[in-house]
1. For the condition exposed (fewer than 11 other Cβ atoms within 10 Å of the Cβ) and acidic (Asp, Glu), what is the one hit in GLU39, GLU26?
2. Which residues, counting only those in the stretch 46-77, are touching a Ser or Thr at 6+ places or on another chain (Cβ under 7 Å) and over 19 Å from ASP23 (Cβ atoms)?
3. Quick check, is THR87 touching a His at 6+ places or on another chain (Cβ under 7 Å), buried (at least 16 other Cβ atoms within 10 Å of the Cβ), at negative phi and not basic (Lys, Arg)?
4. Working only within the stretch 48-69, note down all residues that are closer than 11 Å to VAL124 by Cα and not in a helix (DSSP H, G or I).
5. For SER81, are the conditions met, namely being hydroxyl-bearing (Ser, Thr, Tyr) and within 11 Å of the chain's Cα centre (by Cα)?
6. Go through the stretch 90-130 and give me each residue that's part of a loop (DSSP other than H, G, I, E, B) and crowded, with 16+ Cβ neighbours inside 10 Å.
7. Using beta carbons and a limit of 8 Å, which pairs, at least six apart or on different chains, have the first residue in the stretch 85-103 and within 20 Å of ASP57 (Cα to Cα) and the second one of a type in the set (A, V, I, L, M) and outside any helix (DSSP H, G or I)?
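None of the figures in this text is laboratory data; all of them are computed from the coordinates on show. The shown structure was predicted, so the numbers you read here are calculated from the model rather than taken from an experiment. Neighbour counts are summed over all protein chains in view; Cβ atoms, including those assigned to glycine, are modelled from backbone coordinates with ideal geometry.
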Amino acid sequence: MGRRLARELAMKVLYRYEEGERDTVEVLANVLSAKHYQETDKEFCQQLVQVTVEHVDSIDNHIKHVIKNWPYDRISVIDKSILRIGTCELLFFDDIPAQVSINEAIEIGKRYGGADSGRFINGVLDAVRKEHESSDNK
């Protein structure tokens, strides 16, 4: 399963982070010790969590900026965690094509989120991508 599995594991860690478990090192250790995962999956998961938490305020600001007509605090914790991972990849992982990050987030949203999560995630991340690409960040 590879990177999708790593993204799903990162989503689980970030879900717990959003629910108040701020010791991501401990949460990561618990999540990653549940089963035997490949080292590359664990490393990518750890990197995603670390970069997301390190830049969570910036990531949240990018998301808030593109969802002008929707209160940020009304986004489900699952969708918020997925949006944070997708936005993190768009902003900080230049080696991953934007469309791959968006498609992976959509699929994870369809699996773990509500009925409209895939479409919502697609719309938000596509707007973040367009904004990021049009800025001086690239």
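1. On inspection, the qualifying residue turns out to be GLU39.
2. Those that are touching a Ser or Thr at 6+ places or on another chain (Cβ under 7 Å) and over 19 Å from ASP23 (Cβ atoms): ILE59, HIS62, ILE63.
3. yes
4. Narrowing the stretch 48-69 to residues closer than 11 Å to VAL124 by Cα: 62-68.
Matches in the stretch 48-69: ILE67, LYS68.
5. Answer is yes for this residue.
6. Pass one, the stretch 90-130, residues part of a loop (DSSP other than H, G, I, E, B): 93-97, 113-116.
Those that are part of a loop (DSSP other than H, G, I, E, B) and crowded, with 16+ Cβ neighbours inside 10 Å: PHE93, GLY113.
7. Here the result reads GLU89/ILE96, each pair linking the stretch 85-103 to a residue that is of a type in the set (A, V, I, L, M) and outside any helix (DSSP H, G or I).
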